[in-house]
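Down below is the structure, laid out as structure tokens.
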Amino acid sequence: MIDGDFESNFTALKMFRAGDTDGAIHRIETHAFMDATVLLYDPHAEHKILDMFIPELVDYRHAYRANPSDWSPMEQNLERLLSSRK
């Protein structure tokens, strides 16, 4: 999993440096949302760090990913998981 994290983050850095800011942001968002989904999917797991960031994650999604028609299936699942935590 660390290999995938490195590859995704490094690719996003290269995109950002090459001037593809929108592409880099999309890649970072996709990766962060996927990680949050995986962590939230296990209702018995304790993720104190993620729990601290849930309000910020919700706020970020409301500010920058507010249109459900733009959401991938993974983002739709993340939204369901976040809603169930309220």
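Among the criteria (1) more than 22 Å from GLU7 (Cβ to Cβ); (2) surrounded by 15 or more Cβ atoms within 10 Å (Cβ to Cβ), the one MET34 does not fulfil is (1). Those residues that are more than 14 Å from the chain's Cα centre (by Cα) and either among the basic types (Lys, Arg) or closer than 20 Å to MET74 by Cβ (or both), I need them from the stretch 16-49; list them, please. ARG17, ASP22, GLY23, ASP42, PRO43, ALA45, HIS47, LYS48 - these are the residues of the stretch 16-49 that are more than 14 Å from the chain's Cα centre (by Cα) and either among the basic types (Lys, Arg) or closer than 20 Å to MET74 by Cβ (or both).
Per-residue answers, yes or no, for (1) surrounded by 13 or more Cβ atoms within 10 Å (Cβ to Cβ); (2) among the aliphatic types (A, V, I, L, M); (3) without any contact (Cβ under 8 Å) to a residue 24 or more places away in the chain:
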{"position": "PHE16", "(1), (2), (3)": "yes, no, yes"}
{"position": "THR21", "(1), (2), (3)": "no, no, yes"}
{"position": "HIS26", "(1), (2), (3)": "yes, no, yes"}
{"position": "TYR60", "(1), (2), (3)": "yes, no, yes"}
{"position": "ARG65", "(1), (2), (3)": "yes, no, no"}
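Here GLY4 fits the description: small (Gly, Ala, Ser), over 12 Å from the mean Cα position of the chain (by Cα), part of a helix (DSSP H, G or I) and surrounded by fewer than 16 Cβ atoms within 10 Å (Cβ to Cβ). Scanning the stretch 47-67 for residues that are at pLDDT below 85 and under 13 Å from ARG85 (Cα atoms) yields HIS47, LEU50, ASP51.
The values are calculated or read from the model by the stated rules, or taken from the named source; none is laboratory data. What you see is a predicted model; the values in this text were computed from it and never measured. Using ideal geometry, Cβ is built from the backbone for each residue, glycine included, and neighbour counts are taken over all protein chains shown.
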